[in-house]
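What follows is a set of notes on a single structure, which appears directly below.
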């Protein structure tokens, strides 16, 4: 696995044992794998998602794993797109263990369509989940973290938060917004004992393609060859937990080509735009 780390890294690892970790999107994909890895490392995991049945499945999987002496996982039903409900849900989360040490924003939705074909409602839905959900949850936990002078906020963005590809305008825009939000937040809380980490994975083998939104907001319902050939989410989760242990500020988990495109977008934009134009003509990136 190729990864690129930018920003200041704390060389001495912290221990995740006993840390209270709230993970959104924990019912599937990267969120589920991240929850399993935090649990394996001894964290007190709070699994959060909209789907009770899937959270029960994940919880049972953790309990039945080899970490029989780990802290029992907890469940918090929360819809990050319901912004008004988040403060009360966070209070509910605080009542579980009395504190929240780490928040991992992993809930997300993908869309795939050209701009000319897309409904505005799709852009609104993607931004509501991928961006405003992160903002609302951060705003709900931040006052207590500042008061306690400790905490760690993690956002699972995407390489498309660093550069955009064709037919992903809504998704890429939402992830760019997350990156900008996290960058601003990082500077604001730098002296408050709070760490801020942005994670930018490339393609990861999850079911996100099946549930991604089409131009009119329907489920795509098909496999994506790029995603099917992507990284194992277990490996990605291991990288993410390492980043949290090391207080890494910014982490790209992607092969050489996406890293090169990110680099070209900054230092040689004309070439980057030419490559994107070629990609737009390729059905492999639909």
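Condition check: touching a helix residue (DSSP H, G or I) at 6+ places or on another chain (Cβ under 9 Å) and within 30 Å of residue 266 (Cα to Cα). Does residue 126 satisfy that? Yes, satisfied. Here the condition is being surrounded by 23 or more Cβ atoms within 10 Å (Cβ to Cβ) and under 27 Å from residue 16 (Cα atoms); of 148, 130, it holds for 130 alone. Here the condition is being more than 19 Å from residue 105 (Cβ to Cβ), modelled with pLDDT of 95 or more and surrounded by fewer than 20 Cβ atoms within 10 Å (Cβ to Cβ); of 269, 225, it holds for 269 alone. Among residues of region 173-196 that are over 29 Å from residue 124 (Cβ atoms), those with a Cβ under 6 angstrom from a residue that is modelled with pLDDT of 95 or more, sequence gap 6+ or separate chain, pair up as 192/146; 193/149; 193/150; 194/145; 194/151; 195/152; 195/247. Check region 248-271 and report whether any residue there is assigned to a loop (DSSP other than H, G, I, E, B), touching a helix residue (DSSP H, G or I) at 6+ places or on another chain (Cβ under 8 Å), within 15 Å of residue 165 (Cβ to Cβ) and in contact (Cβ under 8 Å) with a residue 24 or more places away in the chain. Looking for residues that are assigned to a loop (DSSP other than H, G, I, E, B), touching a helix residue (DSSP H, G or I) at 6+ places or on another chain (Cβ under 8 Å), within 15 Å of residue 165 (Cβ to Cβ) and in contact (Cβ under 8 Å) with a residue 24 or more places away in the chain, one finds at least one in region 248-271, hence yes. Among all residues of region 74-87, there is at least one that is modelled with pLDDT of 95 or more, part of a helix (DSSP H, G or I), crowded, with 18+ Cβ neighbours inside 10 Å and under 18 Å from the mean Cα position of the chain (by Cα). Does at least one position in region 105-114 carry a residue that is assigned to a helix (DSSP H, G or I), surrounded by fewer than 21 Cβ atoms within 10 Å (Cβ to Cβ) and in contact (Cβ under 8 Å) with a residue 12 or more places away in the chain? No, region 105-114 contains no residue that is assigned to a helix (DSSP H, G or I), surrounded by fewer than 21 Cβ atoms within 10 Å (Cβ to Cβ) and in contact (Cβ under 8 Å) with a residue 12 or more places away in the chain.
Pairing each residue of region 141-159 that is in contact (Cβ under 8 Å) with a residue 24 or more places away in the chain with any residue that is in a loop (DSSP other than H, G, I, E, B) and buried (at least 23 other Cβ atoms within 10 Å of the Cβ), provided the two are 6+ apart or on different chains, yields C-beta distances under 6 Å for 141/100; 156/106; 159/254.
Filtered by the rule that a residue be closer than 21 Å to residue 16 by Cβ and either in contact (Cβ under 8 Å) with a residue 40 or more places away in the chain or part of a helix (DSSP H, G or I) (or both), region 56-72 gives 58, 59, 61, 62, 63, 71.
The values are calculated or read from the model by the stated rules, or taken from the named source; none is laboratory data. Keep in mind it's a predicted model, so treat the numbers as computed, not measured. Glycine also receives a Cβ, built like all others from the backbone with ideal geometry; neighbour counts cover every protein chain displayed.
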